[in-house]
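The values are calculated or read from the model by the stated rules, or taken from the named source; none is laboratory data. Not measured: the values here are computed from a predicted model. In this analysis, Cβ positions are derived from the backbone assuming ideal geometry, glycine residues included, and neighbour counts consider all displayed protein chains. For the accessible areas, the whole protein counts, side chains as well, though only heavy atoms, and no ligand, DNA or RNA atoms are used. Shrake-Rupley method; radii C 1.70, N 1.55, O 1.52, S 1.80 Å.
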Amino acid sequence: MFLYFRMIIIMAVGFYTVRVVLDILGVTDFGLYNLVASFVLLMAVLNNTLTGGTQRFLTFEIGKGDLVKLKQTFSTAVMIHIALALLILLLGETIGLWLLYEKISIPADRFDAAFWVYQFAIFSIMVTVMQVPYHALIIAHERMHIFAYVSIVEAILKLFVVYLLLVISFDKLIIYGILMFLVSLTIALYYRIYVLKNYEESHFTLMFDKHIIKSMMQFSGWNLFGTLGAMLSNHGVSILLNLYFGPVANAAHAISMQVSNGLNQFVNSFQTAITPQITKLYASNKINELNNFLYQNTKYAFLLLWIMVLPIILKLDYVLSVWLTQIPENTIIFTKLLMIYGLMYSFIRPMVMAIQATGKVKGIQISAGVLLILVLPISWVLLENDFPIYSPFIVMLCMWIFHILLEIFFLKRLIGFSLISFLKISFAPLIIIISISLLSLNYLSNLIDNNIYQLLLFFVVSIFVNFILIYFIGIDLQTRKKLKIIFKNKFKLQGNR
């Protein structure tokens, strides 16, 4: 219950801050900020690669109970990420600056502001990179409630940023870039202090363990190609939109990303919680349990997001008109496509974590990387030939369908993942639930008027319908029996009180 309450608060604050920041900065500056942030994230691809690797190695050593090896692994990870942060600084101040000056479409009178936003975005990425081992250690110890509390504090800090934007008269775009960096720095410092106080293995010692470095770099090296493809397909699209359609298209993209990411946070919290379990099941050689775990959790991750996405997609026009005072062109189509993309990613992520748990990532990362990198050249060709502005998102969706098929193929080879069991336990129930809920709720959405009370009623009905479908179709008989026992025990406990 606390998880949902926390996520609702974060989503509400996130959506409110976007509305106010868009009004304060204006469409052009808002688009520029999000363009620069997306551009810098391309250089942080190594960070995303090593995050999964660091977590995997720490979780593996915790599962084995070897404290000495765990300390060595953590210290090695800290050194790797310090080196990586310095590499990002070097790339950002050379290749990155050249691209900013020569290739990105920025109004002349806003270039100085964009430059400073870019600098503080680099600093933010460096802070995030050096924080990865500490963040990964919390996940490895399955202390997920820490993220819940910190995310609420982060939301409050972002509200404070909005207030400062209103009262400070200096260039709003520059101030926004500085304040968002300070928020990142504050959150990173808290995580570091918490880890140092609670986990003995987190005390850094200067050491070079060649075997650990080699293992981590081999794992992360193969991950690099796949992660590079994912980052290019996600954030490279922002640069393409800027080159062909200008900062207004970036503003529309940023708003659609905010909606999609806000909804995805529910599933990310769920999936972050199950990741250590996947690694520990594999480390304990419980392969049958791991496969059954995957069959169920790919389904539940998708359904958790589907419950929230469906009513928003069906009434998106009105939702955006209530939320924003000005809606950049193409925001609606971008948002719908990115929500579909989020559904696909929620479905595939448990599979990705299972493959990473095995450590045998070479084949899948090369194959997936090729698919995802192709998003940019294909999108470029389409836009050059006057295809619609949303064409890159269609290409991304097609590539992710192939990516899912690849994940299933490699899981079958690595852990005996059964396609038949997957289709029966996970995929078939999803198709039935999606078909029934989409048809029935689409019909209902066409009957209601666009006012806030009917919108809220529609959301409640949509959630209720989906919960009923999930209970009778999405959940197997054994799980339903367990849920009945849990509810009966709770009612008995309340009755005794």
Largest-first ordering by accessible area, 1.4 Å probe, given options Lys280, Lys197, Lys299: Lys197, Lys280, Lys299
Computed over segment 382-466, the ratio Rg/Rh where both radii use C-alpha atoms and Rh is Kirkwood: 1.15
Residues in segment 175-212 reached by a label modelled at Ile156 [backbone nitrogen below 14 Å; 7 Å Cα→Cβ]: 187
In Å², nearest 10: area of Arg192 left accessible to a 1.4 Å probe: 80 Å²
Residue-normalised accessible area of segment 231-311, given per residue in Å² at a 1.4 Å probe: 29 Å²
Segment Ile448-Glu329, extension gain: residue separation times 0.36 nm, minus the distance between their alpha carbons: 40.3 nm
Computed over the chain: relative contact order in percent, which uses C-alpha pairs under 8 Å that are six or more apart: 21 percent
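Would you please report the Å³ per residue occupied by the convex hull of the alpha carbon atoms in the chain? Don't jump to the answer; show the numbers that get you there.
Numbers: hull volume 85.2 nm³, N = 497.
Taking the convex hull of the Cα positions in the chain, it is 172 Å³ per residue.
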Per-residue SASA entry for His403, accessible area with 1.4 Å probe, Å² rounded to 10: 10 Å²
Difference of contour (0.36 nm per residue) and Cα-Cα distance, Phe115 to Thr94: 6.2 nm
Amide N of segment 321-364 lying under 19 Å from the label point, which is placed 7 angstrom from the Cα of Ile287 along Cα→Cβ: 351-364
Paramagnetic reach from Gln265 (point 7 Å along Cα→Cβ, amide N under 16 Å) across segment 286-318: 305, 308-309
Helical segments meeting 27 Å axial Cα length and Kyte-Doolittle 0.5 threshold in the chain (DSSP H): 2-43, 67-91, 111-140, 144-167, 172-198, 210-245, 287-314, 331-358, 391-415
Accessible area of Tyr176 in the full protein assembly, 1.4 Å probe (Å², nearest 10): 30 Å²
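Of Glu61, Glu93, Glu329, which has the most accessible area and how do the rest follow, probe 1.4 Å?
Glu329, Glu93, Glu61
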Length gained when the stretch Lys197-Ser435 is fully extended (0.36 nm per residue, less Cα-Cα span): 80.7 nm
Accessible carbon and sulfur surface of segment 244-360 relative to its total accessible area, %, 1.4 Å: 55 percent
Centroid-to-centroid separation of segment 238-305 and segment 128-190 [C-alpha atoms, Å]: 21 Å
Estimated distance in nm for a label pair at Ser321 and Trp380, the labels positioned 7 Å out from Cα along Cα-to-Cβ: 4.0 nm
